[in-house]
Amino acid sequence: MSVAVRAARRADAEAIRAIYNAEVEGFNTFDLTPRTLDDQVGWIDAHSGGHPAVVAEAPGGATGAEPTVVGFGSLSPFRERPGYATTVEVSVYAHEAHRNRGVGRALLGELVGLARGYGYHCIIARVVGSNAPSIALHERCGFEQVGVEREVGRKYGRWLDVVELQLML
Ligand SMILES: CC(C)(COP(=O)(O)OP(=O)(O)OC[C@H]1O[C@@H](n2cnc3c(N)ncnc32)[C@H](O)[C@@H]1OP(=O)(O)O)[C@@H](O)C(=O)NCCC(=O)NCCS
């Protein structure tokens, strides 16, 4: 599938929120409550500068419909303390109905390019240990596993490991 990746706008909030909230019900994010539209708009505003958010759009097709947002991703601060400012944390989500068609790779590729352009030194991805597709995506894009935080998360009665992957820029 051909997808175009562009900067996220406030108007994308509902589409991003729908993709994200589907994951809140599972184990791929540590959030326990769905995001409201206000939460999502605030998130987009907070990701409009040096820590950007992007969306992937699929073309509207022969009917001439508007392109559809099929995924999103972001760069966020890795840690709050200023000594970590040269590192960013990446996050990528593809709509469930559009997986395994290159959306995740397109988003991650764009975010790696942005991080390089902004002069960051490295990117960290923190992925739940059971999330094989995300670990595979990051490894296919050049990230290396650098550690496992064992049972640092707990959700729906299960302990969750976090696998840390890193890309030096
Ligand atoms: C992880 C996720 C973003 C991958 O997105 P995607 O659009 O399905 O991935 P792509 O089609 O771009 O695949 C990228 C690469 O990962 C590999 N990959 C993707 N899913 C895989 C799977 N289930 N098993 C093995 N490899 C997989 C592909 O083979 C591909 O490699 P290639 O391009 O060299 O062939 C998607 O599964 C997702 O949104 N999951 C739920 C949200 C989530 O977990 N986000 C990450 C939070 S840390």
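The values are calculated or read from the model by the stated rules, or taken from the named source; none is laboratory data. All values reported here derive from a predicted model rather than from experimental measurement. Note: ideal-geometry Cβ built from the backbone for every residue, glycine included; neighbour counts use all protein chains shown. The protein model used for the area step is the full one, side chains on, heavy atoms only, and it has no ligands, DNA or RNA in it. Shrake-Rupley method; radii C 1.70, N 1.55, O 1.52, S 1.80 Å.
Details
- Residue count for region 77-100, restricted to those that are within 16 Å of the chain's Cα centre (by Cα), within 11 Å of the ligand (Cβ to nearest atom) and not aromatic (Phe, Trp, Tyr): 10
- Of all residues in region 77-100, those that are over 18 Å from Val3 (Cα atoms) have Cβ atoms under 8 Å from Cβ atoms of residues that are of a type in the set (Lys, Arg) and more than 16 Å from the ligand (Cβ to nearest atom), 6 or more apart or on another chain, in Thr87/Arg79.
- Checklist (1) open to solvent by less than 50 Å² (accessible area, probe 1.4 Å); (2) touching a residue at least 40 places away in the same chain (Cβ under 8 Å); (3) of a type outside the set (A, V, I, L, M) applied to Asn21, failing item: (2)
- Taken over region 24-33, residues that are under 16 Å from the mean Cα position of the chain (by Cα) and either in contact (Cβ under 8 Å) with a residue 60 or more places away in the chain or closer than 17 Å to Glu96 by Cα (or both) amount to 6.
- Within region 59-89, the set of residues being open to solvent by less than 10 Å² (accessible area, probe 1.4 Å), aliphatic (A, V, I, L, M) and farther than 16 Å from Ala11 by Cβ comprises Leu75, Val88.
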